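Shown next, in structure tokens, is the structure this report addresses.
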Amino acid sequence: MKQHINIISASSRDSKVLHIGIVLQCNEHDTFGIVVGYSCSEIRGSTMIKMGFPILSYFEKERGFQLKEKTFVVYLVNSNDYEHALEIKELSSFKLINGSLDNEIQTFSPFIQMEKGFKCLYYPTKKQEAIIYLEKVLTAEENALLEYFLALKEFEVDNIPSQKEREDKLLKIHTYVQNFEIEKELQTYSVTQSAWFQSRPGRDDHYFMEEKRSIESTDPYIRSLLPLCNDLNYYSCNGRSSDEVDFSRKNDQQIKADKTKAIKMYSKTNHINFLINDYYEHIFSNKDKKNKIWADIESILDYYHIEECCGKYFYNTLTIKHYNNLRQNITTK
């Protein structure tokens, strides 16, 4: 039997407000952490207006609990106390769903509804022993933070590998190439040629010609030795001539010629060097992409230039002043 669960708004005009933010500090031996988020964008009609400002908040925690710097989190604040973050949850614990909410709500788990248009946070909590979900349509900035979070998740390598990891990888490449048999690797190479007629009543007909040169191997060096392609061409015609027949066949002569050329070009030394270069290019390409994403995130949060003044956060001075004030307030509690 499904239990009734209330859904309560937790947007900027409500007593409790949900935010997406990033951890600045959450050390194992501290009794507090610090998070930076964004506040006060609003919807006007069907448009999200960017008019907010970054906010710094602290959260209380038990010693022993820690989160890495720059961990994405979801948290609550009371509308009259933005400095105090409550009920921190890692954004990675939120399931992404499309469609009906009914089944997800019954699980009492956090999730994000990923519909076209605005995305919506659903945050489970309790109120006087009753189970409730807090609901918030993401602000423009929080939506951008979510997109950046999802983009960062796609990178398998979090940091530049350690020296030990690099040495292990190079040894693995060397062993792989020494045992490599190019003739065996080329067995799945194929050249296929196809053609077909397409009738188009009321318009010119088309006769298509396609050539595919492919191999199952994912080894980038081997793939570089072959003229891989997927070429499709056509010409217009008026009806089908006797020469315009449908066919699909392997070109064994071309397969043999391409394999022979690849074998002649193959070098174990070049193979090793190619795979090493590919390995490092992948690492630094991912690193550059991640750095660009973090630069965009920091431009949204702008947390290097925030200071509290008259209850609002303004730019112009370094975060460190307000950051130290937070530390002092928490330590003396």
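Of note:
- Scope region 184-203; condition assigned to a strand (DSSP E or B) and more than 30 Å from Asp219 (Cβ to Cβ); matching residues: Ala195, Trp196, Phe197, Gln198
- Breaking point among (1) open to solvent by 20 Å² or more (accessible area, probe 1.4 Å); (2) modelled with pLDDT of 70 or more, for Asp158: (2)
- Condition check for Glu210 on (1) open to solvent by less than 60 Å² (accessible area, probe 1.4 Å); (2) closer than 22 Å to Gln254 by Cβ; (3) in contact with a helix residue (DSSP H, G or I) (Cβ under 7 Å, 6 or more places away or on another chain): one failure, at (3).
- Among the candidates Ser109, Ser100, residue that is among the hydroxyl-bearing types (Ser, Thr, Tyr), surrounded by fewer than 19 Cβ atoms within 10 Å (Cβ to Cβ) and closer than 26 Å to Gly33 by Cβ: Ser109
- When Leu56, Leu18 are checked against the criterion of being more than 24 Å from Gln113 (Cβ to Cβ) and either within 29 Å of the chain's Cα centre (by Cα) or modelled with pLDDT under 80 (or both), Leu56 stands alone in meeting it.
- When region 64-74 is filtered for residues that are open to solvent by 100 Å² or more (accessible area, probe 1.4 Å) and either closer than 19 Å to Leu150 by Cβ or at pLDDT below 85 (or both), the ones remaining, listed by number, are Lys68, Glu69.
The values are calculated or read from the model by the stated rules, or taken from the named source; none is laboratory data. This structure is a prediction, so every number in the text was calculated from the model and none was measured. Using ideal geometry, Cβ is built from the backbone for each residue, glycine included, and neighbour counts are taken over all protein chains shown. With ligands, DNA and RNA removed, areas are computed over all heavy atoms of the protein, side chains included. Shrake-Rupley method; radii C 1.70, N 1.55, O 1.52, S 1.80 Å.
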